[in-house]
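Have a look at the structure below before the remarks.
The values are calculated or read from the model by the stated rules, or taken from the named source; none is laboratory data. Just so we're clear, the structure is a prediction, and the values are computed from it rather than from any experiment. Positions of Cβ are generated from backbone atoms using ideal geometry, with glycine treated the same way; all protein chains shown enter the neighbour counts. These area figures cover heavy atoms from the full protein model, side chains too; ligands, DNA and RNA do not enter into them. Shrake-Rupley method; radii C 1.70, N 1.55, O 1.52, S 1.80 Å.
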Amino acid sequence: MSGRHSGRPTLEQVAVRAGVGRGTVSRVINGSPRVSDQAREAVHRAIEELGYVPNQAARTLAGSRTDAIALVIPETEARLFAEPYFLDIIRGISAELGAADQQLLLTLVRTERERQRFEQYLAARRVDGVLLASVHADDPLPDRVRELGLPVVLNGRRTADEAAAYVDSDNTGAGRAAVAHLAARGRRRIATITGPLDMYVARARLDGYREGIAAAGLASDELLVATGDFTEEGGRRAMRDLIDRAPDLDAVFAASDVMAAGARGVLRETGRRVPEDVALVGVDDSAVARLMDPPLTSVRQPIEEMGRTMARMLLRELSDEGEGGGEGEPAAGEGARQVLPTELVVRASS
C-alpha cells in the first residue's frame with residue numbers, strides 16, 4: 001500500500017507540525033540520541049496528533065546509506081544529449097556530489113512502466129535521495145518519492161504552489177526582460193515561441209512575455225503566440241506558424257536558445273534578415289546562442305549553479321544540517337525553495 005490515495009500523514013507533515021526538519025523526525029523515529037529532548041517531545045506529539053505510522057523507508061532513513069543520489073530526467077536520450085541545458089545541469093550536480101563523495105545515478109524515465117520500475121528501485125532503498133529535472137505538471141514522481149520517505153529536490157516546479165523542494169530561475173522575469181529589450185529597440189509586433197504549456201517554466205516565460213507586452217503599451221495579440229516544445233524542430237514549426245498567421249511580425253522571443261535556432265533557420269529560408277527584419281531573443285545563454293549567426297541575444301539563467309544548488313540542498317537534508325534553513329540553501333524539506341536571478345545578454349540578433 002503506497003498511501004498515496006489514503007490520506008495517510010507523511011513524514012513532511014510531521015516535520016511541519018513539530019516545527020523541525022525531516023532529518024530530526026527521522027532520527028527520533030530511529031531512536032537516535034542526537035536529538036534534544038524538546039525536539040523529541042515535539043516530534044512524538046506531532047506523530048500522535050497526526051496518527052503517523054512510519055513506513056520502512058522512514059525507519060531506515062537515518063540508518064544505512066548508499067552514498068548514491070538519483071538524477072531523474074523524464075525525457076528521451078535524443079533530447080537529453082541535444083540540449084545544452086541538461087548537460088549544464090548534470091555538470092553542476094556532478095561537481096557538487098563528487099566533492100561530497102556521493103555517486104550520481106542518471107536515470108531517464110520516459111514511460112509509465114519505467115516510472116513504476118524506478119519507484120520499486122527507490123522502495124528498495126538503493127539511493128539516498130532524488131534530484132528531478134524537466135518536471136511536467138502531471139508528474140506524480142515527486143509526491144511518490146516523498147511518500148517513500150526520501151528527500152527530493154526539483155529543478156523547476158510543477159505549479160506556482162509546488163509543495164516539494166525546488167531550485168528554479170526567474171522565468172517570468174526572463175520573459176519580461178526579453179520583451180522590454182525588444183520594445184526599447186523599437187519593435188512593435190513581438191511574437192513568442194513558448195515551451196510545452198504542461199510545464200510551469202513555459203507558462204512562466206509566457207506570463208513574462210505578456211507582462212512585458214502590457215508594460216510596453218503594445219496590443220496583446222494571440223496570433224503572435226505559438227507553442228513549441230523546447231526542441232529545434234519545435235522552434236521551426238512554431239516559426240512557420242507565426243509567419244503564416246502574422247507575416248508582419250518584427251521580433252520573436254523564443255523560450256529557449258534551441259528553439260531560437262530553429263526559428264532562425266525558418267527566418268532565413270523565408271528571406272527575413274536577423275536583426276534587420278526580425279529581431280530574435282532566446283533563453284539560456286548556451287553555446288547555441290554564442291555560435292549562432294548572428295550571435296543570439298539571450299536571457300542567461302545560471303544553469304550549472306542551479307544544479308549545484310539542488311545538490312547542496314539535498315546534501316544538507318541528508319547530513320541533517322538544515323533543520324531550520326540556517327545559512328545558505330535550506331534543507332530539502334517541505335517548502336524549501338530557491339529562485340535564482342536571470343540576466344539579459346545582448347548580442348547582434350536584436
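Mind telling me which of the residues Asp37, Asp143 ends up being within 29 Å of Ser256 (Cα to Cα), open to solvent by 40 Å² or more (accessible area, probe 1.4 Å) and either at pLDDT 85 or above or of a type in the set (Val, Ile, Thr) (or both)?
Values: Asp37 fails: within 29 Å of Ser256 (Cα to Cα).
Within the list Asp37, Asp143, the selection yields Asp143.
Collect the residues in region 102-140 that are charged (D, E, K, R), open to solvent by less than 40 Å² (accessible area, probe 1.4 Å) and in a loop (DSSP other than H, G, I, E, B), keeping them in residue-number order.
Asp128, Asp139 - these are the residues of region 102-140 that are charged (D, E, K, R), open to solvent by less than 40 Å² (accessible area, probe 1.4 Å) and in a loop (DSSP other than H, G, I, E, B).
Among Ala163, Ala226, Ala204, Ala219, which is in a helix (DSSP H, G or I) and of a type in the set (A, V, I, L, M)? Can you show your working first?
Numbers: Ala163 fails: in a helix (DSSP H, G or I); Ala226 fails: in a helix (DSSP H, G or I); Ala219 fails: in a helix (DSSP H, G or I).
From the options Ala163, Ala226, Ala204, Ala219, the qualifying one is Ala204.
In region 136-192, how many are of a type in the set (Ser, Thr, Tyr) and in contact with a strand residue (DSSP E or B) (Cβ under 9 Å, 6 or more places away or on another chain)? Full working, then the answer.
At the first step, the residues of region 136-192 found to be of a type in the set (Ser, Thr, Tyr) are 159, 166, 169, 172, 192.
Applying the additional criterion that residues be in contact with a strand residue (DSSP E or B) (Cβ under 9 Å, 6 or more places away or on another chain) yields 166, 169, 192.
Matching residues across region 136-192 total 3.
Quick one: is Arg176 open to solvent by 10 Å² or more (accessible area, probe 1.4 Å), assigned to a loop (DSSP other than H, G, I, E, B), within 19 Å of Thr297 (Cβ to Cβ) and not hydrophobic (A, V, I, L, M, F, W, C)? Write out each step before concluding.
Numbers: open to solvent by 10 Å² or more (accessible area, probe 1.4 Å): yes; assigned to a loop (DSSP other than H, G, I, E, B): no; within 19 Å of Thr297 (Cβ to Cβ): yes; not hydrophobic (A, V, I, L, M, F, W, C): yes.
Spelling it out, it is not the case that Arg176 is open to solvent by 10 Å² or more (accessible area, probe 1.4 Å), assigned to a loop (DSSP other than H, G, I, E, B), within 19 Å of Thr297 (Cβ to Cβ) and not hydrophobic (A, V, I, L, M, F, W, C).
Out of all the residues in region 84-101, is one or more free of Cβ contacts under 8 Å to residues at least 60 places away in the same chain, closer than 14 Å to Leu318 by Cα and acidic (Asp, Glu)?
Looking through region 84-101, at least one residue is free of Cβ contacts under 8 Å to residues at least 60 places away in the same chain, closer than 14 Å to Leu318 by Cα and acidic (Asp, Glu).
For the structure I just gave you, tell me whether Leu87 is of a type in the set (A, V, I, L, M), open to solvent by 40 Å² or more (accessible area, probe 1.4 Å), assigned to a helix (DSSP H, G or I) and modelled with pLDDT of 90 or more. If you could, list the steps in order and put the result at the bottom.
Working: of a type in the set (A, V, I, L, M): yes; open to solvent by 40 Å² or more (accessible area, probe 1.4 Å): yes; assigned to a helix (DSSP H, G or I): yes; modelled with pLDDT of 90 or more: yes.
Against the criterion (of a type in the set (A, V, I, L, M), open to solvent by 40 Å² or more (accessible area, probe 1.4 Å), assigned to a helix (DSSP H, G or I) and modelled with pLDDT of 90 or more), Leu87 qualifies.
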